[in-house]
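Novice: I have a structure here, written as structure tokens, and I will follow up with some questions on it.
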Amino acid sequence: MDIILELLEDLHPEVDFEQCNTLIDDKILDSFDIVSLVTDLSEEFDISIAAEELTPENFNSAKAIYEMVERLVD
Amino acid sequence: MLFTTSNFIFFIIILTTLYYLIPKRFQWMLLLSASLIFYGIAGTSYLIYISLTIVSTYIATMAIDRIQEAYNTSIKENKDSLTREERKEIKAEMTAKKKLWLVLALVFNFGILALLKYSDFIVSNIYRDFGGFGFVLPLGISFYTFQTMGYLIDVYWGKYRAERNIFKLGLFSSFFPQLIQGPISRFDDLSPSLLAEKDFNWETFSFGVQRILWGYFKKLVIADRLLIAVNTIIRNPDSYQGIYVLLGMFFYGIQLYADFTGGIDIAIGVGQVFGIRLKENFNRPYFSKSITEYWRRWHISLGTWFRDYMFFPISVSKPMIRLSKKIRKNYSNEIGKRVPVYIATLLVWLTTGIWHGAAWNFIVWGLGNGIVILISQELTPLYDKFHRKFDVKDKFYFKLFQVTRTFWLMSFLRTFDCYRDVATTFRMYFSILTVRNLSEVLNGGIMNLGLGMEDYILLAVSILILLMVSLNQRRGAIRVELSKRPVFLSYILFFTLFISIIIFGSYGIGFDQSQFIYSQF
Amino acid sequence: MRRNKTVYIILALLSLGILYLVQQLFMPKYISTIQEGSLVEEYYLEDSNHDVLFIGDCEVFSNVSPITLWERYGISSYIRGSAQQLIWHSYYLLEDALRYEKPQIVVYNVLAMKYNEPQKEAYNRLTLDGMRLSLTKLRAIEASKMEEEGTLSYLLPILRYHSRWNELSLEDLKYIFKKDKVSHNGYLMRVDTKPVGYLPRERRLADYQFGDRSYDYLDRITKLCKENDIELILIKSPSVYPHWYDQWDEQMVDYAEKNDIEYINFLDYVDVMGIDYENDTYDGGLHLNLKGAEKFTNYLGSILRDSYGLPDHREDVELRAIWDKKIDFYYDMKAKQEEELRMYGYLKSVGEAAQKIDE
């Protein structure tokens, strides 16, 4: 989880990622951010995140990202 | 059938009446018949192409669905008897089978599109004197192909189950209001309201009518009128250079906006009249403060289509991730991170350009947008530095600066849309610097573009109304606000709008007294 | 709930009313200029029948004076003419007139036989807009429509004339419901003079045969008259331009013979009628002015009285009263036009545009 938060803060240091759960809806993360995250996440956790995972449900909050990663690690 | 014909209006009136008279369970079938008739009127041969798309997609999605279901059941049954390795193997096999159907359908349908739309362009670039295959482009083929392929890919990804009724799928693909200017809908988004049984609801119906009226106002009073001046400028590039080019850009920006958003208003309004919810395709794009924001607010459904079905799949695809890793390891972390985004962006914008038309200027336009977007990405740290130093981010004048800058940037790029080839466009850009004709333009030149003083005044007033409405809409839908006031207010406003369209609309044969003077007979 | 319904009904009626008003406002009034546009609708203002109906293009509405016909012979007549009236227009206008009266004689000017196709959208409007809505009008619209025209724009003319928004004038408001008369039973008066000057040399045509469509409608006119016991007289009015070819003349002579009707080419009788193209035309020979029209009508009237035995109605008290008013209007306008000529050198009331002639 910490790794995820770290990656997010690298992208947008001004945002409080622990609280926010409208990262996609409020366009805080744009498409470029998502791709950046995905490359980092796939490196960090040795998973492959397919395009169909790139939905608001999976990326609207740090928690959602964490849950997605958990699922894919299996 | 264009939106701006009396035939279309009659079509809608008759269709609406029937829609609310027939038993509700037949409503979606009526819409399907209407869509096919609408399509057939445009050209009976077109029906073949759209049927091919519908049928091929149906077959592919049913197969994919079947394969997925078979896999799910067999995994469930044999959960305990299989090892992780075996499960992975079966999954890979299943995925490969699904992928085969996906690829076949994609190639088939995009192939049709490519053949009909782009074969002339491709071949004529190889053989200079090529006369053309003579393919006629079916109405809305770019729209319905993309919309249906989006559905196919969603089913492949397991977002939802395939539609089992081929006719319901047919309606989704061919729903007529979308065929002309979009929007490009998603199946899970559109089909609930598209296929549901509806009772007549006066509020939804009148909102729909109001929206349609607003669309016609934009199209007939503003767009078609301004088009006269725009055409004069861009069809005669040798006579209209220098400041005229800037004027043309400005006019074109407004004309395209009014025409496109007007057409979408009509499409969404027509949908609303039937109780169907089509997604918004514009979000007051000229208030955008950057090019990236602009493309989130202009032709939204196309942008999201490319993002979900092209940009993401390419940029997070295994080959791309591997390439990125390699570069990060061996060259530079920074470049490695950028590579997937850059390649995907350029490919997407190249395709976006091609989607708009089979000509070099669209390709240049598309790539131009892509490059500007990437440049503005690169400049972000510079901008951040600037904003840390100067606290202007929320000041009105700075926002105004950003909005104006974005408007002109997009206008410059959009010029590739106008002149029929790339060389002429660059020549026109150049002439802005070299041809000094500001005084000529201001001293009556502007009156020689096919519009008179009254037309310009009318345009100014209409655009002002448009601007006020847009500013007002930031607070919420105007129709909803109006519906809370007494009925008379809505009536007066919309009846005035209606009369304005009838009187000021740029349609029909113009009244020119000289036509009536008999010469000799 | 009921209250809401009445509100909606009121609003709907109000809307229709406003639309009607707007349409009336936007229709060109054809009073101060292009007066030909008023001709077709003025017919409906008549409150008595006519023994003779003239049908055709400007060669009837400029060259024939029904007032003269009445004054000299007591013959009642009306000219259902219009600008460049094509033969299908003529047929339907005749059919339309027969809904209101049955004249003894119909006189048709055959110049329009040369046009086998619809010609100009503007002239379609000048002829058709004035017709009252009826099945006949619908048939006329369908027969006359040019490619760019739509029937709807005839049923709702606001769709055609809305683009006049930037040139609406006080005249449009003044005559929004009721218009002043501009014609004398369909005759447009011109007292000015422009002698025949240079006339373009007659060109040789590739084919002189009148088209099938023209003959078809001529047949229909002939048939309609026969069915209604009306005598049809085909004429060629004495205008020297456009050129009336001998080959055309022959065809009409043949046609008249075959169908047992009379055809008179009045160009042959110019001398007998005393028409002199130095003084009797206002546009160099295309149309006769008042002097010329009266001469022509005088001669025509004698034929109608002698060969066709048309009655003299001058003893009829009712008709006398009606026609006396027409006579007053006629001579008033004559005086007014002559005054204008003296004061301005041209006819101001007929409009600038009518002064320009394409040579």
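Novice: Specify the residue that is farthest from the other protein chains (Cβ to nearest Cβ); the eligible residues are those in region C:142-179 that are closer than 18 Å to C:L128 by Cα and among the acidic types (D, E).
Specialist: First, pick out the residues of region C:142-179 that are closer than 18 Å to C:L128 by Cα: C:142-162, C:179.
So of that shortlist, the ones also among the acidic types (D, E) come out as C:142, C:147-149.
On the way: C:E142: 16, C:E147: 11, C:E148: 6, C:E149: 8 Å.
Within region C:142-179, the match that is farthest from the other protein chains (Cβ to nearest Cβ) is C:E142.
Novice: Yes or no: region B:336-354 includes at least one residue that is open to solvent by 50 Å² or more (accessible area, probe 1.4 Å), farther than 17 Å from A:D30 by Cβ and in contact (Cβ under 8 Å) with a residue 60 or more places away in the chain.
Specialist: yes
Novice: Would you confirm, using the coordinates I've provided, whether C:V22 is at pLDDT 90 or above, within 10 Å of chain B (Cβ to nearest Cβ) and surrounded by fewer than 22 Cβ atoms within 10 Å (Cβ to Cβ)?
Specialist: Numbers: at pLDDT 90 or above: yes; within 10 Å of chain B (Cβ to nearest Cβ): yes; surrounded by fewer than 22 Cβ atoms within 10 Å (Cβ to Cβ): yes.
Considered against the rule, which asks whether it is at pLDDT 90 or above, within 10 Å of chain B (Cβ to nearest Cβ) and surrounded by fewer than 22 Cβ atoms within 10 Å (Cβ to Cβ), C:V22 comes out as yes.
Novice: How many of the residues making up region B:230-253 are surrounded by fewer than 22 Cβ atoms within 10 Å (Cβ to Cβ), touching a helix residue (DSSP H, G or I) at 6+ places or on another chain (Cβ under 9 Å) and assigned to a helix (DSSP H, G or I)?
Specialist: Final tally of qualifying residues: 6.
Novice: Could you check, for region C:77-85, whether at least one of its residues is at pLDDT below 95 and open to solvent by 10 Å² or more (accessible area, probe 1.4 Å)?
Specialist: yes
Novice: While we're looking at this one, here's another question. Can you tell me how many residues within region C:304-320 are open to solvent by 100 Å² or more (accessible area, probe 1.4 Å), without any contact (Cβ under 8 Å) to a residue 40 or more places away in the chain and not acidic (D, E)?
Specialist: Residues in region C:304-320 being open to solvent by 100 Å² or more (accessible area, probe 1.4 Å), without any contact (Cβ under 8 Å) to a residue 40 or more places away in the chain and not acidic (D, E): 2 in total.
Novice: Another question, if that's okay. Output the residues belonging to region B:120-139 that are open to solvent by less than 70 Å² (accessible area, probe 1.4 Å) and in contact (Cβ under 8 Å) with a residue 60 or more places away in the chain.
Specialist: Listed by number, the residues that qualify are B:D120, B:F121, B:P138, B:L139.
Novice: Restricting to region B:385-421, name every residue that is among the aromatic types (F, W, Y) and in a helix (DSSP H, G or I). Break it down into steps so the answer makes sense when it comes.
Specialist: Filtering region B:385-421 down to residues among the aromatic types (F, W, Y) leaves B:386, B:390, B:396-398, B:401, B:407-408, B:412, B:416, B:419.
Residues satisfying the conditions are B:F386, B:F396, B:Y397, B:F398, B:F401, B:F407, B:W408, B:F412, B:F416.
Novice: Filtering region B:355-380 down to residues that are farther than 23 Å from B:M320 by Cα and surrounded by 21 or more Cβ atoms within 10 Å (Cβ to Cβ), which residue is modelled with the lowest pLDDT?
Specialist: B:N361
Novice: C:Q119 is checked against (1) open to solvent by less than 10 Å² (accessible area, probe 1.4 Å); (2) closer than 21 Å to C:P157 by Cβ and fails just one. What number does that condition carry?
Specialist: Only one criterion is unmet by C:Q119, namely (1).
Novice: Still on this structure, I have one more. Among (1) open to solvent by 30 Å² or more (accessible area, probe 1.4 Å); (2) among the hydrophobic types (A, V, I, L, M, F, W, C); (3) at pLDDT 85 or above, there is one condition B:L458 misses while meeting the rest; what is its number?
Specialist: Exception for B:L458: condition (1).
Novice: Do any residues in region B:224-240 that are more than 12 Å from B:C418 (Cα to Cα) have Cβ atoms under 6 Å from those of residues that are open to solvent by less than 60 Å² (accessible area, probe 1.4 Å) and assigned to a loop (DSSP other than H, G, I, E, B), where the two are at least six apart or on different chains, and which pairs are they?
Specialist: Close Cβ pairs (under 6 Å, with a partner that is open to solvent by less than 60 Å² (accessible area, probe 1.4 Å) and assigned to a loop (DSSP other than H, G, I, E, B)) amount to B:D224/B:S506; B:R225/B:S506; B:I228/B:G450; B:I228/B:L451; B:A229/B:L449; B:A229/B:G450; B:A229/B:L451.
Novice: When residues of region C:310-337 are filtered for being under 19 Å from C:S32 (Cβ atoms) and among the charged types (D, E, K, R), how many remain?
Specialist: Residues in region C:310-337 being under 19 Å from C:S32 (Cβ atoms) and among the charged types (D, E, K, R): 3 in total.
Novice: Those residues that are surrounded by fewer than 20 Cβ atoms within 10 Å (Cβ to Cβ) and either small (G, A, S) or in contact (Cβ under 8 Å) with a residue 12 or more places away in the chain (or both), I need them from region B:322-335; list them, please. Quick ask: steps written out before the conclusion?
Specialist: Taking region B:322-335 and keeping what is surrounded by fewer than 20 Cβ atoms within 10 Å (Cβ to Cβ), we get B:322-323, B:325-335.
Selection gives B:L323, B:I327, B:S332.
Novice: Can you name the residue in region A:18-64 that is away from every other protein chain (no Cβ under 14 Å) and within 10 Å of the chain's Cα centre (by Cα) and, of all such residues, is surrounded by the fewest Cβ atoms within 10 Å (Cβ to Cβ)? So that I can check it myself, show each step before the final result.
Specialist: Of all residues in region A:18-64, those away from every other protein chain (no Cβ under 14 Å) come to A:18-23, A:60-64.
This time we only want the ones that are within 10 Å of the chain's Cα centre (by Cα), so: A:23, A:60-64.
Values: A:L23: 22, A:N60: 19, A:S61: 19, A:A62: 21, A:K63: 13, A:A64: 17.
Only one residue tops the list, namely A:K63.
Novice: With respect to the numbered conditions (1) surrounded by 18 or more Cβ atoms within 10 Å (Cβ to Cβ); (2) out of contact with any strand residue (DSSP E or B) (no Cβ under 9 Å at 6 or more places or on another chain); (3) within 13 Å of another protein chain (Cβ to nearest Cβ); (4) of a type in the set (A, V, I, L, M), which one is the sole condition not fulfilled by C:V182?
Specialist: (3)
Novice: Using the structure shown, decide if C:A140 is among the small types (G, A, S) and assigned to a loop (DSSP other than H, G, I, E, B). So that I can check it myself, show each step before the final result.
Specialist: Details: among the small types (G, A, S): yes; assigned to a loop (DSSP other than H, G, I, E, B): no.
For C:A140, the condition - among the small types (G, A, S) and assigned to a loop (DSSP other than H, G, I, E, B) - is not met.
Novice: Of everything in region C:101-137, what is more than 11 Å from chain B (Cβ to nearest Cβ) and either assigned to a helix (DSSP H, G or I) or touching a Pro at 6+ places or on another chain (Cβ under 7 Å) (or both)? Give them in sequence order.
Specialist: From region C:101-137, those more than 11 Å from chain B (Cβ to nearest Cβ) are C:101-110, C:113, C:116-118, C:127-137; that's our starting set.
Within region C:101-137, C:V110, C:M113, C:T127, C:L128, C:D129, C:L135, C:T136, C:K137 qualify.
Novice: Which residue out of B:S470, B:S439 is farther than 21 Å from B:F282 by Cβ and either of a type in the set (S, T, Y) or in contact with a strand residue (DSSP E or B) (Cβ under 9 Å, 6 or more places away or on another chain) (or both)? Steps first, answer last, please.
Specialist: On the way: B:S470 fails: farther than 21 Å from B:F282 by Cβ.
B:S439 is the lone residue from the list that is farther than 21 Å from B:F282 by Cβ and either of a type in the set (S, T, Y) or in contact with a strand residue (DSSP E or B) (Cβ under 9 Å, 6 or more places away or on another chain) (or both).
The values are calculated or read from the model by the stated rules, or taken from the named source; none is laboratory data. Small disclaimer: the values here were computed from a predicted structure and weren't measured. Positions of Cβ are backbone-derived with ideal geometry, glycine not excepted, and every protein chain shown enters the neighbour counts. Note: accessible area is taken over every heavy atom of the protein model, side chains too, but ligands, DNA and RNA are not part of it. Shrake-Rupley method; radii C 1.70, N 1.55, O 1.52, S 1.80 Å.
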